[in-house]
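In what follows, a structure is listed as structure tokens, so that the remarks can point back to it.
Just so it is clear, none of the values below were taken in a lab; they were calculated from the coordinates. Note that the structure is predicted; figures quoted are calculated from it, not measured. For neighbour counting, all protein chains shown are included, and Cβ atoms are generated from backbone atoms with ideal geometry for every residue, glycine included.
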Amino acid sequence: MNKSQIRADMKAFLGGLTPTDRHARSMAACQQLIATREFKNAQMIMIFMSMPTEVETSTLAVRAWQEGKNIAAPRVDWAKHGMTPVEIRSLDVGMQSSGPGGAIREPVTGTAVPLDLIDMITVPGLAFDRRGFRVGRGKGFYDRFLAQKDFQGIRCALCFQEQLLNEDIPTEDHDVPMNLIVTDREVIRCHS
């Protein structure tokens, strides 16, 4: 199965989830992640700001703040296809919509976080395999971000169970595998 076929299949699956379903299953996925030792040990967590069809990460942010952790979100440089982690203290204040169709929320203001301070990052994707490889949306933002040598945090995929494939995804040299895959049903530690 090639990446464009996987992308098409997953976009169809995600588009078919009802908002109620997506919310309930997002809560379940976030609870699975909150229960891991990796989450418990992380002090600075970079989360993705969910697009309308992705696992909602707001539960994760709120829980992290309750536990005295810090949260960063990506500020996107669309021209350079790059991301800067920026510390946020609210999911609403100081946020703006950007990107294709205004589908992505990102921090407008806030302090950039040095990469070596990030203990964990949640990574979105359309599909993942059990080795930890992913199919993203094809723009390479996360591949470039994760490849930076200063970034040593735990790479955690957060997705719905159906986005976890039982067959291997075709990989390229620049693909960076996840350490952890968390779905609404299971937690997988990848040994890549």
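From most to least packed by mean Cβ count within 10 Å, the peptides 112-122, 61-71 give 112-122, 61-71. Segment 91-139 and segment 50-83 have Cα centres separated by 6 Å. When the alpha carbon coordinates of the chain are projected onto the principal axes, the ranges are 42, 36, 35 Å, largest first. Applying the Karplus relation 6.51 cos²θ - 1.76 cosθ + 1.60 with θ = phi - 60° to segment 130-140 yields 3J(HN,Hα) values of 6, 8, x, 7, 10, 10, x, 8, x, 9, x Hz, where x marks Gly and Pro. When DSSP assigns beta bridges and you keep just the ones with both residues in segment 3-189, what percent turn out antiparallel, to the nearest 5? Around 55 percent antiparallel, to the nearest 5. Only aspartates and glutamates eight or more places from K11 in sequence, or on another chain, were considered; those with a Cα closer than 17 Å are D21, E54, E56, D129, E162. Fewest-first ordering of H191, H81 by other beta carbons within 10 Å of each residue's beta carbon gives H191, H81. Shape of segment 21-132 from the C-alpha gyration tensor: rounded (a/c under 1.5, with a ≥ b ≥ c the square roots of its eigenvalues). Take every Cα pair under 8 Å whose residues are at least 6 apart in sequence, average their separation, divide by the length of segment 25-134, and the relative contact order is 27 percent.
Could you grab the relative contact order for the chain? Cα pairs under 8 Å, six or more apart, rounded to a whole percent.
The normalised contact order for the chain reaches 23 percent.
Counting only residues at least eight positions apart within a chain, or on another chain, the lysines with an alpha carbon under 21 Å from that of K40 are K69.
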